[in-house]
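Right, one structure below, let's go through it.
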Amino acid sequence: MSKNPEATDVVQAASQSGAEITEPGERFFKAHLTQLQEALEYVELENHVRLILSEPKNEVIVNFPVMMDDGSYELFTGYRIQHNNVMGPYKGGMRYHHDVTLDEVKALAALMTYKCALLEVPFGGAKGGIRINPHDYSKTEQERLTRRFTHDLGNNIGPEYDIPAPDMGTNSQTMVWMMDTYMNMHGAVDKNANRRIVTGKSLTSGGSRGRAKATGQGVVYCIQEWANENGLRLDGARFILQGYGNVGSHCAQILNRLGAELVAVQDHTGSVYNPEGIYPRKLSQWVERTGGVAGYDGAKAIDNDEFWGVESEICVPAALELQIDAEVAKKLKCKVVAEGANGPTTLEGDKVLREREIDVIPDVLANAGGVVVSYFEWVQNKRSESWQLQEVDSRLHFMMKRAYHEVRAFSREHEVDNRTASLAVALRRINAVYVERGVFP
């Protein structure tokens, strides 16, 4: 173990507060700061780099009106947080969710910075969002909202400056609306070149093969490396999954093709269980029709608390932040937690998992497949190319595998957990760039 005795607490001022923290976004931000501080103890970071990384470079907040279908108007608040761009253009998703807060978006933007650095993707970190429940608005209202948000962001985004992508509550259609709005705001000469203003688009509008499943695919690649390292045969292994959206459903289907059995699923509608296995594709069809896993006839309903105690080898949280707290961590009966979601484990939950010797593949590594294939999409748009799925998957596999083993090597060398190792490897790369480039002027 080799802690850095000269580590300076750059997050102390940001994390200290006399008020009780109750908002999920604020708790998530505090957890991120604490995890970052733990990683800083193992990296010899220059003091000016610590200072720069302690706050986002830019915080863009826009308030804008949108006409509803009935002719009335609502005022919305949109965020775009640009954490750091020393490694490349800002990159990160746009989230439409009723719990979106400034603190949450700040934490997610910082995670993107470290995620890109860890995977050696030449992007920086950003995140954005609007605090709404998209299910409360029609498709035409969502289109007007997205187009007005994009217009009001103006030159705060750009294909070589800040590149949005889908996130919770948004999808390829949202990205196509953003792309079309931005393209029509700029000169006709460069119009088609601006397709790379966003990633995660539909294939017909310039998206990449493999992008929809990329995050779930990346989670599975990490699980495969962990299984090989720990001598676990995935064929016949059981897994439980929280969240059955884009990440969770693709992860389940890919694991199922490798022979693993999905035995329990939980989402916002409830939890279902079948010890004989749940067929992911049929469950996806059910969720698409009904909006959730509740009522699925291929499994029986169980309590949400009971879900966490289902015996399995693998647990994949792929929903919201702060789901695995200390009490949940005590109930888990698995060997590894692969974080498909951002920040699904609380600080207390992390501690319990370490004490119980349950491995964690952290979010900054496990769910990085999305930004990796977003980078591939951006490159394809830039070059006017269209890669085949095999090439996309092969490149993604290489990058996920390389990052996984770099994290494991750091973890073994310094006797730290995988989350600390992931952040430390990323911080070391960012520090090297700042040392070489200096700070202008």
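The values are calculated or read from the model by the stated rules, or taken from the named source; none is laboratory data. These figures come from a predicted structure and were not determined experimentally. Every residue, glycine among them, receives a Cβ derived from its backbone with ideal geometry; neighbour counts consider all protein chains shown.
Considering segment 292-319, the residues that are in contact (Cβ under 8 Å) with a residue 12 or more places away in the chain, of a type in the set (D, E) and assigned to a loop (DSSP other than H, G, I, E, B) include one that is nearest to P24 (Cα to Cα), namely D303.
Among residues of segment 109-135 being among the charged types (D, E, K, R) and either modelled with pLDDT of 95 or more or under 18 Å from A366 (Cβ atoms) (or both), the one that is surrounded by the fewest Cβ atoms within 10 Å (Cβ to Cβ) is E120. Filtering T170, T174 for residues that are out of contact with any Lys or Arg (no Cβ under 9 Å at 6 or more places or on another chain), assigned by TED's automatic domain parsing to the domain that holds D69 and of a type in the set (V, I, T) leaves a single hit, T174. Filter segment 411-440 for residues that are free of Cβ contacts under 8 Å to residues at least 60 places away in the same chain and touching a Pro at 6+ places or on another chain (Cβ under 7 Å) and give the result. Scanning segment 411-440 gives a single hit, N418.
Checking each residue in segment 27-63 for being among the aromatic types (F, W, Y) and modelled with pLDDT under 90 picks out F28, F29. From the list M168, M183, M175, the one residue that fits, being in a helix (DSSP H, G or I) and within 15 Å of G93 (Cβ to Cβ), is M175.
Being in the same structural domain as F239 (by TED's automatic domain parsing) and at positive phi is the requirement here; does G343 meet it? It would help to see each step written out before you state the result.
Values: in the same structural domain as F239 (by TED's automatic domain parsing): yes; at positive phi: yes.
In short, yes.
Look at segment 397-410: where a residue is closer than 8 Å to A421 by Cβ and a partner is buried (at least 19 other Cβ atoms within 10 Å of the Cβ), sitting 6+ places away or on another chain with Cβ atoms under 7 Å, you get V407/L365; V407/N418; V407/A421; V407/S422; V407/V425; F410/A421; F410/A424; F410/V425.
If you scan segment 116-163, which residues turn out to be free of Cβ contacts under 8 Å to residues at least 24 places away in the same chain and within 21 Å of K382 (Cα to Cα)? Within segment 116-163, just N155 meets the criteria.
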